[in-house]
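> The structure that follows is given in the form of structure tokens.
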Amino acid sequence: MIPSFVRRILGPLRPLVAPLVEALPAWRLKRALNVACLRRCAALRMHPMTFGYLDSGADDERTLRRNQDAFREWDLYYKVLSGVTPESLDTSTTVFGGQTAVPFFPCPTAGNRMFHHRGELAVAKAAKDFGAAYCVSTLATTSLKDLGDVFAGVTDGEDKGTPPPTPPRVFQVYVWRDKDLVLEALGKAREAGFDTIALTVDLSWFGNRERDFRNDFTIPPRPSVAQVVGALRRPAWTWDYVTCEPYRYALVDDSQPAEALASFINDQLTPAFDWDDAKWLLKAWNGRAVIKGVVHPGDAQKALDAGFDAIWVSNHGGRQLDSAPASLDALVAVRAAVGQNAHVLVDGGVQRGSDIAKALALGADGVGLGKPVLFGLAAGGDDGVRKTFDILNAELRRTMGLLGTNSIADLRALGDDLLKRRTLNQRDHGGPRYAPAEPL
């Protein structure tokens with residue numbers, strides 16, 4: 001933990017030093033062309049320990065890779081002379097029961113300020129600007145009130161006027177041992193304008209993320225030689241860390257730094273919760289609710305029977321059970337089990353706008369973005385998150401235009417006719433042949 005006196009001494013220098021240490025990361029970000037570029041930009045700005053935490057999966061990282069590889073198994077059979085124009089193409093749809101301008105949205109991810117001091121605020125602002133649904137984690141490092149102010153048009157205490165209607169806002173939640181703590185968090189979420197909850201059910205046990213052990217990932221960082229060298233090699237991230245206020249799990253106890261609460265949170269995440277606890281949560285919330293982390297078709301149907309409004313197909317980004325099915329494969333199975341009328345979401349493995357199009361065509365009503373958004377955040381704060389949205393939105397629109405689909409409804413209705421599965425061969429695993437995916 002950085003002593004408070006260090007922040008008091010260095011804090012006034014931040015306006016002078018920050019532009020200098022951020023100049024190279026900003027130059028790299030400007031040249032980024034795709035999500036793979038953003039990942040590289042994030043790796044070159046972040047401390048190796050924190051990048052490893054963001055980038056890793058469980059065990060041998062098979063599921064992490066399969067999440068991406070699954071999209072390569074589907075070919076797109078486009079239709080010609082469809083008359084789709086940039087003006088006529090419409091990406092609006094319904095996600096989490098509300099109207100959105102785009103079918104993709106940021107997934108709830110913990111500790112965003114670990115990656116950049118702007119944290120969840122940068123992600124919320126991008127979601128608002130793009131008309132996307134917004135999801136926040138229980139382990140957010142920004143208060144729900146501050147996030148609610150983003151959507152209410154309030155900045156630095158000043159009311160910027162009456163904003164237009166906003167897309168859904170989703171609060172991700174766990175069933176903790178202390179249910180009074182859960183009820184308190186639900187109350188804060190409702191007060192801040194969050195209209196939907198997403199119960200994460202695939203984190204009852206912690207996955208084995210070996211990269212964290214190799215990188216000696218700890219909160220706070222241990223003052224070892226390797227960690228000090230890593231910090232010196234990443235001055236932009238380090239300047240953030242030593243000059244900004246320590247990040248806190250704002251929904252748990254915003255009076256204590258995150259590192260002081262880590263063991264408390266680990267104790268609260270219990271493997272004992274079950275379907276009865278899930279039903280208790282539904283009753284306590286008494287509003288729209290989504291179950292997140294489902295891959296088994298039987299569980300999807302059971303969740304609908306229990307009263308959930310939507311199924312969120314996810315394997316936690318390949319960070320929990322290695323050798324779990326790719327999210328896209330599970331989506332196909334879940335959609336077949338629950339029928340066409342159920343609301344189904346998916347996340348995991350998205351690298352391109354064409355991946356989003358494939359997920360929608362295979363039955364998803366909305367597509368969550370985890371790592372791509374965090375790569376953008378880590379690479380450049382607000383500008384980086386916006387770049388992620390810009391890239392994927394442009395790629396999605398281009399894919400839809402080339403496919404000959406004028407709307408998300410068309411894409412979903414024609415899905416069986418547009419996508420055909422094939423067996424992968426060695427060429428599919430080589431990546432781009434001529435254009436490197438990383439900035440020079």
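The values are calculated or read from the model by the stated rules, or taken from the named source; none is laboratory data. Predicted model, so just to flag it, every value in this text is computed and none were measured. Backbone-built Cβ (ideal geometry, glycine too); neighbour counts: all protein chains shown. Only protein heavy atoms, including side chains, enter the accessible area calculation; ligands, DNA and RNA are left aside. Shrake-Rupley method; radii C 1.70, N 1.55, O 1.52, S 1.80 Å.
> If I go through the stretch 394-408 residue by residue, how many of them are open to solvent by 30 Å² or more (accessible area, probe 1.4 Å) and within 15 Å of Ala32 (Cβ to Cβ)?
1
> Identify, from the list Ala260, Ala236, the residue that is modelled with pLDDT of 80 or more and either among the small types (Gly, Ala, Ser) or part of a helix (DSSP H, G or I) (or both). Walk me through how you get there before you give the answer.
On the way: Ala260 fails: modelled with pLDDT of 80 or more.
Exactly one of Ala260, Ala236 is modelled with pLDDT of 80 or more and either among the small types (Gly, Ala, Ser) or part of a helix (DSSP H, G or I) (or both), namely Ala236.
> Mind listing just one residue for me: the one in the stretch 189-214 that is among the hydrophobic types (A, V, I, L, M, F, W, C), at pLDDT 90 or above and not in a loop (DSSP other than H, G, I, E, B) and, of those, farthest from Thr109 (Cα to Cα)?
Going through the qualifying residues, I end up with Ala189.
> May I pose another question? Among Leu29, Leu54, which is the only one that is out of contact with any strand residue (DSSP E or B) (no Cβ under 7 Å at 6 or more places or on another chain), within 24 Å of Asn315 (Cα to Cα) and buried (at least 20 other Cβ atoms within 10 Å of the Cβ)?
Values: Leu29 fails: within 24 Å of Asn315 (Cα to Cα).
Testing whether each residue is out of contact with any strand residue (DSSP E or B) (no Cβ under 7 Å at 6 or more places or on another chain), within 24 Å of Asn315 (Cα to Cα) and buried (at least 20 other Cβ atoms within 10 Å of the Cβ) leaves just Leu54.
> Restricting attention to the stretch 101-115, which residues are within 14 Å of Phe194 (Cβ to Cβ) and either free of Cβ contacts under 8 Å to residues at least 40 places away in the same chain or part of a loop (DSSP other than H, G, I, E, B) (or both)?
Hit for the stretch 101-115 is Pro108, nothing else.
> Pick out the one residue from Asp347, Asp382 that is within 23 Å of the chain's Cα centre (by Cα), within 18 Å of Val123 (Cα to Cα) and open to solvent by 30 Å² or more (accessible area, probe 1.4 Å).
Values: Asp347 fails: open to solvent by 30 Å² or more (accessible area, probe 1.4 Å).
Answer to the check: Asp382.
> Look through the stretch 130-147, keep the residues that are modelled with pLDDT under 95 and assigned to a helix (DSSP H, G or I), and return whichever of them is surrounded by the fewest Cβ atoms within 10 Å (Cβ to Cβ).
Per the stated criteria, the residue is Lys145.
> Follow-up question, since we're still on this one. Those residues that are part of a helix (DSSP H, G or I), open to solvent by 10 Å² or more (accessible area, probe 1.4 Å) and not hydrophobic (A, V, I, L, M, F, W, C), I need them from the stretch 116-129; list them, please. Spell out how you get there, then give the answer.
First, pick out the residues of the stretch 116-129 that are part of a helix (DSSP H, G or I): 119-129.
Next, only the ones that are open to solvent by 10 Å² or more (accessible area, probe 1.4 Å) stay: 121, 125, 128-129.
Listed by number, the residues that qualify are Lys125, Lys128, Asp129.
> In the stretch 58-79, which residues are among the aromatic types (Phe, Trp, Tyr) and surrounded by 17 or more Cβ atoms within 10 Å (Cβ to Cβ)? Break it down stepwise before answering.
Filtering the stretch 58-79 down to residues among the aromatic types (Phe, Trp, Tyr) leaves 71, 74, 77-78.
Correct list: Phe71, Trp74.
> Can you say whether Phe217 is of a type in the set (Phe, Trp, Tyr), open to solvent by 20 Å² or more (accessible area, probe 1.4 Å) and either over 19 Å from Tyr53 (Cα atoms) or not in a helix (DSSP H, G or I) (or both), as far as the supplied structure shows? So that I can check it myself, show each step before the final result.
Details: of a type in the set (Phe, Trp, Tyr): yes; open to solvent by 20 Å² or more (accessible area, probe 1.4 Å): yes; either over 19 Å from Tyr53 (Cα atoms) or not in a helix (DSSP H, G or I) (or both): yes.
Spelling it out, Phe217 is indeed of a type in the set (Phe, Trp, Tyr), open to solvent by 20 Å² or more (accessible area, probe 1.4 Å) and either over 19 Å from Tyr53 (Cα atoms) or not in a helix (DSSP H, G or I) (or both).
> Please determine, by comparing only the residues of the stretch 12-26 that are surrounded by 14 or more Cβ atoms within 10 Å (Cβ to Cβ) and of a type outside the set (A, V, I, L, M, F, W, C), which one is nearest to Asp390 (Cα to Cα).
Pro25
> Tell me, please, whether a residue that is among the aliphatic types (A, V, I, L, M), farther than 30 Å from Arg209 by Cβ, assigned to a loop (DSSP other than H, G, I, E, B) and open to solvent by less than 40 Å² (accessible area, probe 1.4 Å) can be found in the stretch 80-100.
So in the stretch 80-100, the residues among the aliphatic types (A, V, I, L, M) come out as 80-81, 84, 89, 95.
Pick out the ones that are also farther than 30 Å from Arg209 by Cβ and you get 80-81, 84, 89.
Among the residues that remain, those that are also assigned to a loop (DSSP other than H, G, I, E, B) are: 80-81, 84, 89.
In the following step, the residues that additionally are open to solvent by less than 40 Å² (accessible area, probe 1.4 Å) were identified as 84, 89.
Checked against the condition, which is being among the aliphatic types (A, V, I, L, M), farther than 30 Å from Arg209 by Cβ, assigned to a loop (DSSP other than H, G, I, E, B) and open to solvent by less than 40 Å² (accessible area, probe 1.4 Å), the stretch 80-100 yields at least one hit.
> So which of Ala333, Ala364 is surrounded by fewer than 23 Cβ atoms within 10 Å (Cβ to Cβ) and of a type in the set (A, V, I, L, M, F, W, C)? I'd like the intermediate steps shown before the answer.
Working: Ala364 fails: surrounded by fewer than 23 Cβ atoms within 10 Å (Cβ to Cβ).
None of the other options fit; the residue is Ala333.
> Among Gly370, Gly384, which is the only one that is at pLDDT 95 or above, out of contact with any Lys or Arg (no Cβ under 7 Å at 6 or more places or on another chain) and closer than 28 Å to Val295 by Cα? Walk me through how you get there before you give the answer.
Details: Gly384 fails: closer than 28 Å to Val295 by Cα.
One residue alone meets the criteria, Gly370.
> Checking the structure you have, find out if any residue of the stretch 153-169 is modelled with pLDDT of 90 or more and of a type outside the set (S, T, N, Q).
Within the stretch 153-169, the subset modelled with pLDDT of 90 or more is 168-169.
From what's left, of a type outside the set (S, T, N, Q): 168-169.
The answer is yes; a qualifying residue exists.
> Regarding the stretch 35-44, can at least one residue be identified that is outside any loop (DSSP other than H, G, I, E, B), open to solvent by 80 Å² or more (accessible area, probe 1.4 Å), modelled with pLDDT of 95 or more and closer than 27 Å to Val295 by Cα?
Filtering the stretch 35-44 down to residues outside any loop (DSSP other than H, G, I, E, B) leaves 35-44.
Subset that is open to solvent by 80 Å² or more (accessible area, probe 1.4 Å): 39-40.
Filter once more, keeping what is modelled with pLDDT of 95 or more: 39-40.
Filter again for closer than 27 Å to Val295 by Cα, leaving 39.
So far as the stretch 35-44 goes, yes, one or more of its residues are outside any loop (DSSP other than H, G, I, E, B), open to solvent by 80 Å² or more (accessible area, probe 1.4 Å), modelled with pLDDT of 95 or more and closer than 27 Å to Val295 by Cα.
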